[in-house]
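See structure below.
Throughout, read-outs are computed from the coordinates displayed, never taken from laboratory work. What you are looking at is a predicted structure, and each value in this text was computed from that prediction instead of being measured. Counting neighbours? That spans all protein chains shown, and the Cβs are built from the backbone with ideal geometry, glycine included.
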Amino acid sequence: MKQKNKSSNVTVGLDLGDRRHRFCVVDDAGGVKEEGSVLNDRVALGELTRRYRGGWMVLEAGCHSPWISRYLEEQGCRVLVANPRKLRAIYHNERKSDRRDAQMLARIGRLDPALLSPVRHGTEEAQADLLRIKLRDSLVRARVALINSVRFTLKSLGYTVGNPASERFHKVVGEGLPETLCQMIAPSVQALAELSARIKELEREINTLARTKYPQTARLEQIPGVGPITALYFVLKIEDPTRFAKVRDVGAYAGLCPRRDQSGESDPQLRISKRGDAYLRRLLVSAAHYILGPFGPQSALRAYGLMLAADGTARAKKRATVAVARKLAVLLLSLWKSQRPYQPFPQPA
């Protein structure tokens, strides 16, 4: 008679670290079966999975969780990636330690995985393509910081620089400056020129990637204010347009829906949750600014936002921008799922 594989009935909590991971194995009855630590490499993790093949592996989302979760699944384990923002029992523990964290992950995962609010990591291919966009964003931020540094230096010496586009700043910053100052800022200007060249090169690669590998982005780019970077990042983060039961759920996924703290008769209106991917939220808000700005073409989405910002206060404008960004996310997912062309003023069904 074939014996039942007891290793499939265990839950392993993994507290991930840069060098070592702490683990705790809890059996089906809730007893601690084994505790220890393993090195942060595939060989050590492979030895752990061979002992508990088919069991549940519970870990927090973090820097190492994407590749570790994929590797554990390849080794035949069932994986739960917990949302760190939902684990107050861990990060508010008065006696917090890596050992206790691993044990808490295992126990919560054994009792009710839904309490962990599991997150879903994308494929390795999608992660590599996403990193290309994030690398461009890092270079853009570095360029802005360097431009501000040069501006402050010149302003402290009594020279004011105009306000050209960032990609042209290194070409015009030396106009009208003494030779000594030009020599002083020359290293920064050279660095700005190099950064701008690398950013432009990455943008060309991203545009080519969107056209050749992800043709569905062309449908999303029909919306004014949505460029190749926004469309491609949205597609890569969502991956599967059918993952949401309702298209409206994508607004909460992007952290653009209000938080709620209802108790009894009290149900105050709170700010948005800001959960999920911060860069995706920034791209959507940037597109919303264009839609509501002076160059945004007329559309139902623009009319909705302008109606919310009608009183002209800063708070109303901010709320209108967030509301348009949330509706834009819903619109992007709707176009992707329905495969229909964009209509600025859609007709009622």
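Kirkwood hydrodynamic radius (Cα pairs, Å) of the range 180-269?
This gives a value of 17.2 Å.
Which residue, Met184, Met57, Met307, has the most motion in a Gaussian network model of the chain that connects Cα atoms within less than 10 Å?
Answer for the Gaussian network model of the chain: Met184.
Checking the a/c ratio against 1.5 first, then a/b against b/c, what shape does the Cα gyration tensor give for the range 141-180?
Note, shape of the range 141-180 comes out oblate.
Grab every C-alpha pair in the range 286-349, bin the distances at 5 angstrom width from 0 up to the longest one, and report whole percents.
Binned Cα distances yield the sequence 4, 18, 27, 25, 14, 8, 3, 1.
In Å, the Kirkwood hydrodynamic radius of the range 131-216 over pairs of distinct alpha carbons?
14.2 Å
Share of antiparallel DSSP beta bridges in the chain, in percent to the nearest 5?
Percentage antiparallel, nearest 5: 60.
Quick one: among Gly54, Gly264, Gly76, which has the greatest mean-square fluctuation in a GNM of the chain with alpha-carbon springs under 10 angstrom?
Gly264
Eight or more residues apart or on different chains, and alpha-carbon atoms under 23 Å: count the Lys pairs in the range 206-349 matching that.
15
With the convex hull built on the Cα atoms of the range 222-349, state its orientation-averaged projected area in nm².
9.2 nm²
Please state the charge dipole magnitude for the range 59-182, taken about the Cα centre, from unit charges on C-beta atoms (+1 on K and R, -1 on D and E), reported in debye and rounded to the nearest 20.
With Lys and Arg at +1 and Asp and Glu at -1, about 460 debye.
Nearest 10 degrees, 0 to 90: what angle lies between the long axis of helix 124-156 and the longest principal axis of the chain (Cα atoms)?
It is inclined by approximately 40 degrees.
If contacts are Cα pairs under 8 angstrom and at least 6 residues apart, what is the relative contact order of the range 147-204 in percent?
Averaging sequence separation for qualifying contacts and normalising by length gives 32 percent for the range 147-204.
Taking the mean number of other Cβ atoms within 10 Å as a proxy for protection, how do you rank 164-171, 78-85, 313-320 from highest to lowest?
Per-residue Cβ counts within 10 Å, averaged per peptide and sorted highest first, yield 78-85, 164-171, 313-320.
Compute the separation of the alpha-carbon centres of the range 209-280 and the range 59-82 and state it in Å as a whole number.
24 Å
May I ask for the Kirkwood hydrodynamic radius of the chain, worked out over all distinct Cα pairs and given in angstroms to one decimal?
24.0 Å
Once the Cα gyration tensor of the range 76-207 is found, what semi-axes does its equivalent ellipsoid get, as square roots of 5 times the eigenvalues, in whole Å, sorted largest first?
49, 20, 10
Could you work out which residue, out of Thr11, Thr160, Thr321, moves most in a Gaussian network model of the chain, that is, has the largest mean-square fluctuation with Cα springs under 10 Å?
Of the options given, Thr160 has the highest mean-square fluctuation.
Enter the angle in degrees (range 0 to 90, nearest 10) between the Cα long axis of helix 98-111 and the first principal axis of the Cα atoms of the chain, meaning the one along which they spread out most.
70 degrees
For the Cα atoms of the chain, what angle does the longest principal axis make with the long axis of helix 179-212, in degrees from 0 to 90, nearest 10?
So the helix axis and the longest Cα principal axis differ by about 60 degrees.
Taking H placed 1.01 Å from N in the peptide plane, check which residues at least 5 places from Val10 or on another chain put their amide H under 5 Å from its amide H.
Under 5 Å from the amide H of Val10: Trp56.
Which whole-number percent is the relative contact order of the chain (Cα, under 8 Å, 6+ apart)?
Result for the chain is 11 percent.
Counting only helical runs of four or more DSSP H residues, what would the 222 nm mean residue ellipticity of the chain come to if each run contributes -39,500 (n - 2.57) and the total is spread over all its residues?
It comes out at -16500 deg cm²/dmol, rounded to the nearest 500.
Hey, got the dipole for the chain? About the Cα centre, +1 on K and R Cβ, -1 on D and E Cβ, debye to the nearest 20?
640 debye
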